[in-house]
Amino acid sequence: MSAKEKGEKIAGLKVTPDKFLPHRYAGASGDFNPIHIDKEFAQMVGLPSTILHGLYVMGLVAKAATEEAGGDPRALKRLSVQFRGMSMPETEIEVSGEVIEADGADVTFDLIAAQGENQVIRNATADVTYS
Amino acid sequence: MALKTDAVGKSWPAYEYEVGREKIREYAQVIGLDNPVHFDAEAARAAGYRGIVAPPMFVVVYAAGAMGPVLFDPDVEMNFAAMVHGGQEFEWGEPVISGDLITTTTTCRDIYPKDGKGFYVFETESKNQNGDLVCKATWTNIVRGIEE
């Protein structure tokens, strides 16, 4: 019997980052690339407006995987993602996923982070150990 | 511009980062984590940690300083204007605790062309003051518009 069975969905999460989230993430992470915090610069390089940091969205994927496995930060053993789209502040992000492997307390999820139809992160795999 | 691959196999000097409590709190807050082990030392100790524990993804904070100089290295010669972050993998070991001194080394694993794009693959290895591995990471950057 495993903590979770193959094919089961995980709880996932939904969050709408506010307009200034990229500024706070820039401060917290040290990544001040102007495409995330300067609308004029972002538009000059062809973006619709400022975009979220990919690693912020990966942080949300890590949060969803960790919370699913009981919430202790030691639960998350490995996380790998591919960045496939850009994401915007003030739009809801949904992280969803399902179990692709399960062996007792050790479980692997396949996860997606999306804004509507736009899959920002896909083919994310997380190895967790349930506590 | 043809893809320059001189940096493949190159390693860079270690980068040291001392983990501070307020920095952990700041990061945890912006991601929306509410587990008290990231904010409160007593709660962290009750959960079996030496002190306030960093979320796993805090690696972006302590390892970023190791990746920065690498991207500007003339041997790498990356075209930033056309660069996107393609993929990322982290594998975690010992938890990172407030007060830890984390040392990160970077190696260029591969640079290769594919479908008119340049793929740059770097690996970082971060250890704490006791020599325990805390995180091994693979960073993949993609640069558009190269000649093959």
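The values are calculated or read from the model by the stated rules, or taken from the named source; none is laboratory data. Since we're looking at a predicted model, the values are computed, not measured. Here the Cβ positions follow ideal geometry from the backbone for every residue, glycine too, while neighbour counts run over all protein chains shown. When the accessible area is computed, the model is the full protein with side chains, heavy atoms only, and any ligands, DNA or RNA have been set aside. Shrake-Rupley method; radii C 1.70, N 1.55, O 1.52, S 1.80 Å.
Heavy atoms of chains B and A lose about 2200 Å² of accessible surface on contact, summed over both sides with a 1.4 Å probe.
Using a probe of 1.4 angstrom, how much of the accessible area of the protein assembly as shown is carbon and sulfur, in percent? Provide the component values of the computation, followed by the final result.
On the way: 6320 of 13000 Å².
Accessible surface attributable to carbon and sulfur in the protein assembly as shown totals 49 percent.
If you run the Gaussian network model on chain A, springs between alpha carbon atoms under 10 Å, then out of A:82, A:43, A:115 the most flexible one is A:43. Rounded to the nearest 20 debye, the dipole size of chain A about its Cα centre is 220 debye, using +1 on the Cβ of Lys and Arg and -1 on the Cβ of Asp and Glu. In order along region B:52-61, the Karplus-derived 3J(HN,Hα) couplings, from 6.51 cos²θ - 1.76 cosθ + 1.60 at θ = phi - 60°, round to 3, 9, 7, x, x, 6, 4, 3, 5, 7 Hz, and Gly and Pro are given as x. Panel note: contact residues of region A:55-88 (accessible area lowered by at least 30 Å² against the chain on its own; 1.4 Å probe) correspond to A:55, A:58, A:59, A:63, A:73, A:74, A:76, A:77, A:78, A:79, A:83.
Summing charges over all other residues whose Cβ lies under 13 Å from the Cβ of residue A:18, with Lys and Arg as +1 and Asp and Glu as -1, gives 0.
Restricting things to alpha carbons, find the Rg to Rh ratio for chain A using the Kirkwood radius for Rh. Display every interim value, and only then the final one.
Numbers: Rg = 15.8 Å, Rh = 15.3 Å.
We get a ratio of 1.03 for chain A.
With every protein chain left in place, what is the accessible area per residue of the protein assembly as shown in square angstrom, probe 1.4 Å? Heavy-atom accessible area per residue stands at 47 Å².
If r is the Cβ-Cβ distance from residue B:105 to residue A:9 and R0 is 51 Å, what FRET efficiency results, to the nearest 0.05? Mind dumping the intermediate values first?
Numbers: r = 39 Å, r/R0 = 0.77.
FRET efficiency, residue B:105 to residue A:9: 0.85.
Given the -39500 (n - 2.57) contribution per DSSP H run of 4+ residues, what per-residue ellipticity at 222 nm results for chain A, rounded to the nearest 500 deg cm²/dmol?
Working: 3 runs with 30 residues, N = 131.
Here the helix-only value at 222 nm equals -6500 deg cm²/dmol.
The base-10 log of I(q)/I(0) for region A:55-94, evaluated at q = 0.17, 0.26, 0.28 Å⁻¹, reads -0.51, -0.94, -1.01 [Debye formula, identical scatterers on Cα atoms, solvent excluded]. Heavy-atom accessible area with a 1.4 Å probe sorts A:53, B:85, A:23, largest first, into A:23, B:85, A:53. Taken over the alpha carbons of region A:60-131 as equal point scatterers, the Debye sum produces base-10 log I(q)/I(0) values at 0.12, 0.25 Å⁻¹ of -0.31, -1.06.
Over the alpha-carbon set of region B:70-148, divide Rg by the Kirkwood Rh and report the Rg/Rh ratio to two decimals. All intermediate terms of the calculation are to be shown ahead of the outcome.
On the way: Rg = 15.0 Å, Rh = 13.9 Å.
The Rg/Rh ratio comes out at 1.08.
Here the simple spin-label model places points 7 Å from the Cα toward Cβ, and for residue B:22 and residue B:34 these points are separated by 2.6 nm. Cα-based values for the protein assembly as shown, radius of gyration first and Dmax second, are 18.6, 57 Å. Across region A:39-131, C-alpha contacts under 8 Å between residues 6 or more apart give a mean separation that, scaled by the residue count, equals a relative contact order of 30 percent. Using a probe of 1.4 Å on the protein chains alone, the accessible area found for residue B:101 is around 60 Å². In the context of the full protein assembly, residue B:80 retains an accessible surface of approximately 80 Å², using a probe radius of 1.4 Å and ignoring ligands and nucleic acids.
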